[in-house]
Structure formats: structure tokens, C-alpha cells
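Input: a single structure, listed below in C-alpha cells.
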Amino acid sequence: MRLVCRECRLRKCYSAGMKSELVRSRKENFACTRRKNSRNTNSDPHSNSPSTRQSMSPDDDDWSFQMFDEKPIEASSSSSSTTVTQQPPLTNQMMVTEESSRTSSFDGGYCSSLPSSSSTIHPSTGPSLPDHQAILQNYHSMETGLCSRRRIMYTSTDMDFILDSHSTLQCPYTVSDLRPHDFRSFRGMLRHDFVILFDYATRFPEFNTFTSHEKNMFYRLILAVDFILSSAYYSAKLGQAHRQMIMTNGEFLCMDPLPMSGNEPNARQYFASDEDFSKYKALMPMHIAIWEESVLPFARMNVSFEEFCLLKALTVWHCTYYKFTETGREKCRRQRNIIIDCLSKMCHSQGENGERRVGELLMSMNYIMESTQKLTSSYVMLTFFDVLNCDSMLHEMLNFKY
């Protein structure tokens, strides 16, 4: 029974000076050991010698910490026996605290661990997450700024109105601002589109800590995610009544009935030249796929502006997670967890079914990421065969190799 009774083992640990708030779960202990082993493997082979390990102080290893109190043994003046301080009796509250400190963390595809209700902070989980209101306000400000810049660029709105509403602007266009899409003049993303999204990208937390290649990859993925998600959000707010797909530049495509893809028999007869027909046939299937696979499912969720801001940022972090090195992934994982925690608190504060709402938003990233990948592949093909007279910067973005 000595090895079976948990309470007896726990009493013995407390009597030895164990700190319950420093106990790690099995997963956390395994992850810590794995990181230490990988770091030692990559270091100088001579650094693993016994003499080197013995000379290393605990401060040199950021994963080492004091598990037990190193209490000095008091020697009695009259006897050589030692006195041990008696540990207070174990209470039910101490048992609950111990069990909660050993709760395992989850590090799946989307998040590693959300803060528990306990006030105990585990050493391996780092500092507590920032206030979710501050996080929401940051991404909200980034998105309203992006809307204001698009309204300046693509509409004839008076500057007085933009200055008065820039902090609350949730959509850059009104129905009267929309223009019909003309595939003949379509050139993809232009230089001013890159300028508009540059400020948006640089305001992401920890962006300035990325390497040059990581910044380039991060910015490149923002371009693709914004094209899909912003178009889906604008279409849900403005185009659903008339079944219109609203693009990020304020142009719209009528999707009821669906336009022909160009692959139909005798489709060539509707075009004045082979050049127009080739360009239409290359562009329209891409737009139809975005409409059916992203815009329509996104519109059915009836996403609020706050949810849209967080979901867009979360998708960017999640996409870049699979493109970065381990150091960059750690930053992506940290920011991803912060947004999921903020999203969870916001959904739960709005009423019942908070878990279901969070699940719907997280699952929507699947088709958004798939559409993002298809969009990038389509643009690579369009620029490779010179179907579009693209801006030179778009060529640079598509040809970038990480």
C-alpha cells in the first residue's frame, strides 16, 4: 500500500519541502526534457562532458528550477540527532490544489493551454495571458484602420467623414460605393494594395522580432488571408441581399445566377478576342471557387466585426505556424493561444453556447486556409503564363522562397 496510496506519498513530499505550485504535468515534463535534449544535441559536443555539466549553474539553464526547499538541518547542541520541522496536516483544499496543478495541458493544432480557474501560475507556462479587452482592442484598431485606408483609396468619400469615423468604421464601403467587376482591366493586387496592408502587417505583436525571411513570409500570407476573409466579410455585410461577391477593392461580381466559368461548350463566342476569353477562363473559376467554398459558408455564420477581427488574425498566425522554424513557431503558438483565449471569453460573455460558437469559428479556418492555398496557386499560374499584367511586387511575392 506504500506505493498505492496517493495521500501517503503526497504527505511525504510535503514533509520533504515540495512546492505544489511547481509540480509539472507529465506532458510538460516530457516537453521540457525533449527541448533540453535537442538543445544539448545542437550544442558543442564537448559541452556534455561530466566536468562541464557539473560546473553549470542552475541559472544557466532556463528550464531548471528549485522543486524542493533546501532547508538547513538544525543540529542540536546536546545531541547529534536532527530535528525536522513538522508539516501541517493535509487538508482537502491542499489535495484539490495538488490535483489542479497536475492538470495536463493540450498542445494540439490550435492551442496549447488555456488559463485555469486556479490562481496558481505554472513556471513552464510563462506569464499569464494579457487582458482580452486589450487584445481585442488592438486587432479592432488594426482592422478599422485598414477599412479607413481602403475607403480613402477606392471611394470618393469626404475626408471629414473618414476622420470622424475611422475608429469605428467596420466596412470600407456602402452599397453606393460598389463598382461592377471588369475582368479585362483586372490586374490582381496593385502597389497601393501592398502599401495598405503593410501597415496592417507591421502592427501584429512580435512582428519586429521575426527574421527577414519570416517577415516576408508573414506579410505574404497576410495578403492571401486578407483577400479571402475580407472579401467574405464584405460580401456577408453588403452583398448577400443581391447575391454579390464583394472584393477588397470595392468591385462586385453578381453570383445569382452563377457566371459561366469559360469551360462550357461554345463559350468562346461570347468574347471579342482570344485574349479576353483566355483571361476570363483563367480568372472566373477562381472567383467562383472563393464564392462557393468561403464566402457562402462564412456568411451563414453571421460573424460580428469583433469575431471577424480575431478570426482573421488567428488565421494568419495559424497559417504562418506551419511555415516558420521552431523559434518562429513558438511565437505563433503564443499569439495563437492569446487570441483563442480572447475569442473564448468574448463568446462566453455573449450568452449560452459559447463553446459551440468558438468551435464554429475555429472550424471555419479549415476552408479559409484551403481557399488561401488555392488562391496562391492560381496567382502563380496566372503570373507564370503572363495572363495578368501584374505589378512587379506581386511577382516578387509569388516567387519568394522561404
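Miscellaneous remarks
- Förster radius 45 Å - calculated FRET efficiency between residue 170 and residue 275 (Cβ-Cβ, nearest 0.05): 0.70
- Spin-label pair residue 373/residue 350, simplified geometry with 7 Å Cα→Cβ offset, distance in nm: 2.8
- Student exercise, region 188-314 dipole from Lys, Arg, Asp, Glu Cβ charges, in Debye to nearest 20: 60
- Dipole of region 179-398, positive direction: furthest Cα of 231, 278, 202, with charges on the beta-carbon: 202
- Loop-resident sites, region 289-368, for chymotrypsin sites (Phe, Trp or Tyr not before Pro), counting at most 16 other Cβ within 10 Å (DSSP): 322
- The heavy atoms of residue 191 offer some 110 square angstrom of accessible surface to a 1.4 angstrom probe.
- Cleavage-rule hits, GluC sites (Glu not before Pro), region 293-355, DSSP coil, Cβ neighbours within 10 Å at most 10: 352
- Over all Cα atoms in region 179-398, the spread is summed up by Rg and Dmax: 18.5, 57 Å.
- Taking other residues whose beta carbon is less than 11 angstrom from the beta carbon of residue 201, and scoring Lys, Arg as +1 and Asp, Glu as -1, yields +1.
- Taking Cβ atoms as reference points and 12 Å as the exclusive limit, the residues near residue 153 contribute a net charge of +2, counting Lys and Arg as +1 and Asp and Glu as -1.
The values are calculated or read from the model by the stated rules, or taken from the named source; none is laboratory data. Since the model is a prediction, treat every value here as computed from it, not as a measurement. Quick reminder, even Gly has a Cβ in these numbers, built from the backbone with ideal geometry, and neighbours come from all protein chains shown. Please note that ligands, DNA and RNA were not included when accessible areas were found on the heavy atoms of the full protein model with its side chains. Shrake-Rupley method; radii C 1.70, N 1.55, O 1.52, S 1.80 Å.
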